Amino acid sequence: MQLTVNIVVLASIYALIACGYVLIYRVSRVLNLAHGELMMLGAYLLLATANSFSGNPAVAIAVAVALSLTVGVMVYVFLMRKMTGEMVLAAVLTTVALGILLRGVMVLIWSAQQQYPGQALGFSNPAIALPGGGRISTFAAILVLMTALTYAALFVFLRFGTWGVRMRAAGQNPLLAAQRGINLHAVYALAWGLSTLTGSIAGMLIALDSGLTNTMVIIGLKAFPAALVGGLDSLVGALAGALIIAAAEVLSIQYIDPLLSDVVPFLVLIAMLVVRPWGLFGTREELDRV
Amino acid sequence: MSDRMPRASGYFRTGYAQEMALTKTRLERVSLGAFVIALLVYPHLASPFYLDLASQVFLASIGALSLMLLTGYAGQVSLGHAGLLAAGAFTAGILSKELAAPIYVTIPAAAVTGAVLGVIFGLPSLRLRGLYLAVSTLALHFVVVYLGGEYETKRGFSTGITIDTPVIFGFRLYGGKIWYFILLAFAAATLLICVNLLRSRSGRAWRAIQAHETVAEALGISVAGYKLLAFVISSAIAAVAGALFAYYRSFVSVEAFSLFLSIQYVAMIIIGGMGSLLGALLGALFVTLFPYLIEAVLLKLPDAQSYAGVLFAVNYAAFGVVMILFLVFEPQGLVGIWRRIQSYFLLWPFKHKPVAGARK
Amino acid sequence: MTTLLSVEKLEVVYHRAITAVQGITLSVQQGQIVAILGTNGAGKSTTLRAISGFLGIDDARVTEGSVAFKGRRIENRPPNEVTRLGIVLVPEREKVFPNLTVAENLAAPFAPAMSNAQRREREELIYQFFPRLAALRARIGGLLSGGERQMLAIASGLVCRPELLLIDELSLGLAPVVVEDLMQRLVHIRKELGITIVIVEQSAAVALDIADYGYVLENGRVVLDGDRERLTSHGDIQEFYLGQSSGDRRSYRDVKQYRRSRRWYG
Amino acid sequence: MRPSIIIAAALAAGLTGSAHAQDAYVVGITAALTGPPASTYAPAMEALRIYIDGVNARGGINGKKVNLVIADDSAEPSKAAANAKKLLTQDNAALLINASLSSTYAPVVAEAKNAGVPLLFASSVCPREVYPPANEGQFCTTAFASTYDSRAALAFVKDTAKDTVKIGFSAMAIPLSRGEMEFAAKQAPLLGMVALPVEVIPPPTADYTPFATKLKDGGANWVFSWAPWVTQVRTFEALRRLDWKGDFITWAHLEAEGELKRIKDGKFFVIGANALFEDNLPIHKEIIEANKKAGSKYPPEQMTEGWIAGMVIEAALKGAGWPATPAKIQASMSNLKVDLKGLRGGPIEWTKDNHFRTKQFYRVYKWDGSKIVVAKDWYSYDVK
């Protein structure tokens, strides 16, 4: 039982992070390798607001969320916008560079200390006993719910929301989209905003659940095989991928060798790349986008 | 005859001999000579610290050249370069630790390991391109590092494998100067190998593949074969660089081959300028010295010591910024800048070559 | 009759190196259907693209001349702005979003602000122009037939409420009967919405029987223009576009002769 | 090939500004001030800096100032190697200090040996070489000591536990921590405990629960963790979330004091060699004072390690006199006794063949209801 809980929790962590990769890739064909850093930035933003708005957590969280959204938009407007029309690879490397920059800046501002935004907000994190003997910490539970919520919202938005449809359109054929009066920059900015938002939420919840250090980045990196295994341009894929990776990881911890949990995601990834490079739910033509 | 042609009127080859010649004009020969002399004199003037810097640059150049071959010319993106370096280093380390193998055995062994890994790293490239390929190499990097780490702990080298000074025919290869020249020699050799590879059939094949795989295939180039070849050669060289690193620093440990190292190498070829060996060299120089530059500047500021704590962070950030600046404003890298200056003088009073703009 | 669109000495350069059209001048009057004729590579599509605007990825720009819409300079504006000004292009290929349903294809385009009533009315109108689409609402664009695709493309173009509709190679790869049908629909649409239409065609015959005015492009130049009567009656057009030969077989010399004579209209 | 000239120029430009003798004791430090493990080393080095500033303010040592040159290696071996080279050749450091991950030891040791400069490990794990018989060039002030810590911890478990102990171990996936836990896992049975296989946890882990689950399922009623703080505390918290009732003993890193107050769990024991600030000794007040004055961003209770290092360095340099050659400093270090004024159970004493300390003292703290209390007062092991 506990095993399933662990898998679900880890899966939703990865899923919540992975959907950020998918959103951006799907719309602009750019793989955002700074996602881990942006996620961590979100967590640190919460820490900052927690310290400045100590007393009323609601405000702190709201502000942090709003900030992370703006951060995402700004990243596009001030940086990635310049990379539109460049080689996709160049764009990807730009995100890598952005990541390095962010990492440096975050250490400068918040030092490398272990921090507890949960404490700063005056939250406690009691464990909840589930029917069937499993237990789950409050924030882990919230995270699972959040993930479900986020995905539901994204599905609805992309299927029925005008801008959602436009995002998909822009992803399929930017030129035609532009000729149909869709402002590509707006769409891309939106994608970056949403992706950073979801990532940050993941970051915040992880930080609330088990503290915050500057190693969180690597969690973002581990979530990214999930996105690929599922297929970089499919949300369903991200969900499935996250589940697979999480299961592989937890089971290898339980039954094989805990150490493996570090490489297992990437082993799964390699296997997938060899068998079905475009991922479980990805569309095949993506492969030729270089 | 052609030597005497002034540069301004452009340089025209009048025979195959000149095609094959490494240097084209007298000016090139002269400046090259000057450069070589400078390199030979340098260690006798430089303090040990600057000697070390130079040696680091040479090490980096070897790695950067090999990556440039793969990415800049054959167009195969790799984020696993650090993994290859690690493989080389560990081959050297393990052989010299377990079998007390001498350096002239371990280095070739490292090359072989690299070549084999090259095939493995290369296999995905037969199916994958661009991002997906990059990702697969990334994944392989993690696997290699994991294995290395396992070896370290299993054998109880908890603080990394220390390698004692290599000895060739009773002569201890020890001290900054010696290693300066060893690394210089290897770097030069690598450069020559690359230049010649690129002038040969394989070089042309790689360029074709980079330009357009399908067309290359249609031209009768065995794309798969040449892709693998690119991976094998590049990996072998990288592995040798790793082994050299192990000997130069006289230790091996996985922590030395983080993902960041791979990124640094990619940064080198970007900042230097894709598709140019010269670029690889410039990039290696820049990326290696950059942190020390920042450090020097920062420590010049008043109350320097209190910055010491943030130095790494500042470095990190600055490195990111520089990378971004190059990617956004100078996609052709240092070489691009250099070329522009050059062609400005070449073509004066005209603005630019008709096709120059189209060059990607 | 007012001039809606006027193109002056247009010159477009791709990749900062390749000149595609050089000094094209043409003007479109309010309410007209204008045909731009010419063989492959004559610069027809480039002209349309230049009017509707380029993206960064095209790496192309208008280097000389001007494009004016209702007296307003619009060259080198991004496509979405041009569209919002009222010029909509139906491109030659990739004209619909393959993974969006027909309904979504019609929902995606930017529509100027209007009340729900207007919007519904608009939709009605579009489905009225192309009843077929109503049946296909749920089908994804990629699975449509050539004709249906063309309909959807035009329909989704109309969603943006253009004053000027540019259609590139409407007849490409379609059965003559389908083309004929579409052409008639265009005439109908023009009448209903009172919009101006520019069609680019290789097959002059199709174009000329609905066009009021036409331009003939060769190698990025306008070599001939005039209203339908003038063009249809023009010998060279009959010869080389409508493919009617005037009786006796002609020798290669005469063809050269034609080419020389053609320069007159350049 | 014209850029060759540029390169040559660039290199030539580098030639200027080589080392020059200074009128001060030069102490070179390569430390992980940033990077993943920084939270352990950065505060210590901050403390050391504050301490030495204080010494200089008091007129220095033997009338000479101490010039502390700190280089950040962010726990990267190759950076550490370059740092060491620079500190030794460029800044002519007469004493080298390593405060970084064990993976940086190999290169730094090599450099120090070649330069004949004594190397002090401060706040970083003590390498085997400093235990008797000690390598003449290496010294260590750091509180924790592999093998001894495990013995002390297991001894404590033995006499606190009432019923039979089934003990689990959690290590971080770094060689050192793994090695220590493996050792402990071998020791435990000798003390009549049931030892579970060691849980090795990769450094950055999104969720520690899976590992905790395994420990709990293993039926452990005690868990011992000797690893960086993050791993220790997150394992514990994950265990508690799983409603695990057992006792948890772990090493008292710098963070311990603050964390005990945060966690407030009666069965969470920290074993360490440093006195916590709860004792509120005069020296503690002194540290707090200095910390406040320097406006440090680290809490004072994280400064003990660095402070001790400072005291030792001061003593060593005083003993070496002026002018201090590396040899003289090494000599004075090889015969040194520093009273730590209660920061530890006893003095740090170095002899010819023991560069660790002759006696290693331990103390166990825990939280009871309202405050931190001593669960087991100073007990010591002879180091030989």
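Here are some notes:
- Condition check for residue D:249: closer than 29 Å to residue A:204 by Cα, buried (at least 24 other Cβ atoms within 10 Å of the Cβ), outside the structural domain of residue D:301 (by TED's automatic domain parsing) and under 23 Å from the mean Cα position of the chain (by Cα): no
- Enumeration of residues in region B:83-114 that are more than 14 Å from chain A (Cβ to nearest Cβ) and either within 20 Å of residue B:72 (Cβ to Cβ) or modelled with pLDDT under 85 (or both): B:84, B:85, B:114
- Residue among D:216, D:285 that alone is surrounded by fewer than 24 Cβ atoms within 10 Å (Cβ to Cβ), part of a helix (DSSP H, G or I) and within 14 Å of chain A (Cβ to nearest Cβ): D:216
- Residue tally, condition in contact with a helix residue (DSSP H, G or I) (Cβ under 6 Å, 6 or more places away or on another chain), at the interface with chain A (Cβ under 9 Å from one of its Cβ atoms) and either within 30 Å of residue D:122 (Cβ to Cβ) or among the small types (Gly, Ala, Ser) (or both), over region D:234-258: 3
- Odd one out for residue D:162, checked against (1) more than 14 Å from chain B (Cβ to nearest Cβ); (2) buried (at least 21 other Cβ atoms within 10 Å of the Cβ): (2)
- Selection count, region D:310-363, where residues are of a type in the set (Val, Ile, Thr) and surrounded by fewer than 18 Cβ atoms within 10 Å (Cβ to Cβ): 3
- Residue within region D:227-246 that is closer than 18 Å to residue D:375 by Cα, under 25 Å from the mean Cα position of the chain (by Cα) and part of a helix (DSSP H, G or I) present: no
- Residues that are of a type in the set (D, E, K, R) and facing another protein chain (nearest Cβ under 10 Å), drawn from region C:94-124: C:94, C:95, C:104
- Single match in D:66, D:27 (criterion: modelled with pLDDT of 85 or more and within 30 Å of residue D:174 (Cβ to Cβ)): D:27
- Set B:89, B:110, B:139, B:115: member being surrounded by fewer than 18 Cβ atoms within 10 Å (Cβ to Cβ), within 22 Å of the chain's Cα centre (by Cα) and of a type in the set (A, V, I, L, M): B:115
- Pairing each residue of region B:28-55 that is more than 7 Å from chain D (Cβ to nearest Cβ) and within 16 Å of residue B:183 (Cβ to Cβ) with any residue that is among the aliphatic types (A, V, I, L, M) and surrounded by 15 or more Cβ atoms within 10 Å (Cβ to Cβ), provided the two are 6+ apart or on different chains, yields C-beta distances under 7 Å for B:39/B:184; B:43/B:51; B:55/B:183.
- Put simply, of C:177, C:198, C:222 the only residue that is farther than 30 Å from residue C:113 by Cβ, among the aliphatic types (A, V, I, L, M), buried (at least 18 other Cβ atoms within 10 Å of the Cβ) and at pLDDT 70 or above is C:222.
- Filtered residues of region D:219-233 (kept if among the aliphatic types (A, V, I, L, M) and either within 10 Å of chain A (Cβ to nearest Cβ) or closer than 25 Å to residue A:206 by Cβ (or both)): D:223, D:227, D:230, D:233
- Enumerated helices (runs of 4 or more DSSP H) restricted to region A:22-127, each holding at least 2 residues that are farther than 30 Å from residue D:242 by Cα and in contact with a Gly (Cβ under 6 Å, 6 or more places away or on another chain): A:35-52, A:57-74, A:88-110
- Qualifying positions in region B:143-165 - part of a loop (DSSP other than H, G, I, E, B), under 27 Å from the mean Cα position of the chain (by Cα) and buried (at least 17 other Cβ atoms within 10 Å of the Cβ): B:160, B:163
- Wholly enclosed strands (runs of 3 or more DSSP E) of region D:302-384 bearing at least 2 residues of a type outside the set (S, T, N, Q) and in contact (Cβ under 8 Å) with a residue 40 or more places away in the chain: D:348-350, D:359-368, D:371-382
- Taking the conditions (1) surrounded by fewer than 21 Cβ atoms within 10 Å (Cβ to Cβ); (2) within 30 Å of residue C:218 (Cβ to Cβ) in turn, residue C:157 satisfies each one other than (1).
- Within region C:60-80, residues that are within 14 Å of chain A (Cβ to nearest Cβ) have Cβ atoms under 7 Å from residues that are among the hydroxyl-bearing types (Ser, Thr, Tyr) in these pairs: C:60/C:14; C:79/C:52, counting only partners at least 6 apart in sequence or on another chain.
- Some residue of region A:255-271 being in contact with a strand residue (DSSP E or B) (Cβ under 6 Å, 6 or more places away or on another chain) and either within 26 Å of residue D:197 (Cβ to Cβ) or in a helix (DSSP H, G or I) (or both): yes
- Candidates are the residues of region B:24-56 that are crowded, with 19+ Cβ neighbours inside 10 Å and in contact with a Leu (Cβ under 7 Å, 6 or more places away or on another chain); the one that is modelled with the lowest pLDDT is B:46.
- The residue list C:38, C:86, C:53 contains one member that is within 14 Å of another protein chain (Cβ to nearest Cβ) and surrounded by 23 or more Cβ atoms within 10 Å (Cβ to Cβ), which is C:53.
- Residue that is farthest from the other protein chains (Cβ to nearest Cβ) [pool: residues in region A:175-190 that are more than 15 Å from residue A:158 (Cα to Cα) and touching a residue at least 40 places away in the same chain (Cβ under 8 Å)]: A:189
- Meets criteria (within 13 Å of another protein chain (Cβ to nearest Cβ), over 21 Å from the mean Cα position of the chain (by Cα) and either assigned to a helix (DSSP H, G or I) or at pLDDT below 80 (or both)) for residue B:217: no
- Residue count for region A:81-120, restricted to those that are farther than 24 Å from residue B:265 by Cα and surrounded by 23 or more Cβ atoms within 10 Å (Cβ to Cβ): 3
- Subset of region B:147-181 (residues that are out of contact with any Ser or Thr (no Cβ under 9 Å at 6 or more places or on another chain) and either among the basic types (Lys, Arg) or at pLDDT 85 or above (or both)): B:147, B:151, B:154, B:155, B:177, B:178, B:181
- Candidates are the residues of region A:59-80 that are buried (at least 16 other Cβ atoms within 10 Å of the Cβ) and either within 14 Å of chain C (Cβ to nearest Cβ) or hydroxyl-bearing (Ser, Thr, Tyr) (or both); the one that is nearest to residue C:59 (Cα to Cα) is A:80.
- Residue within region D:154-174 that is in contact (Cβ under 8 Å) with a residue 12 or more places away in the chain, touching a Phe, Trp or Tyr at 6+ places or on another chain (Cβ under 9 Å), of a type in the set (S, T, N, Q) and under 28 Å from residue D:25 (Cβ atoms) present: no
- Some residue of region A:146-166 being within 14 Å of chain C (Cβ to nearest Cβ) and outside any helix (DSSP H, G or I): yes
The values are calculated or read from the model by the stated rules, or taken from the named source; none is laboratory data. Owing to the predicted nature of the structure, the values given are computational and were not obtained by experimental measurement. Reconstructed Cβ throughout: ideal geometry from the backbone, glycine too, with neighbour counts over all protein chains shown.
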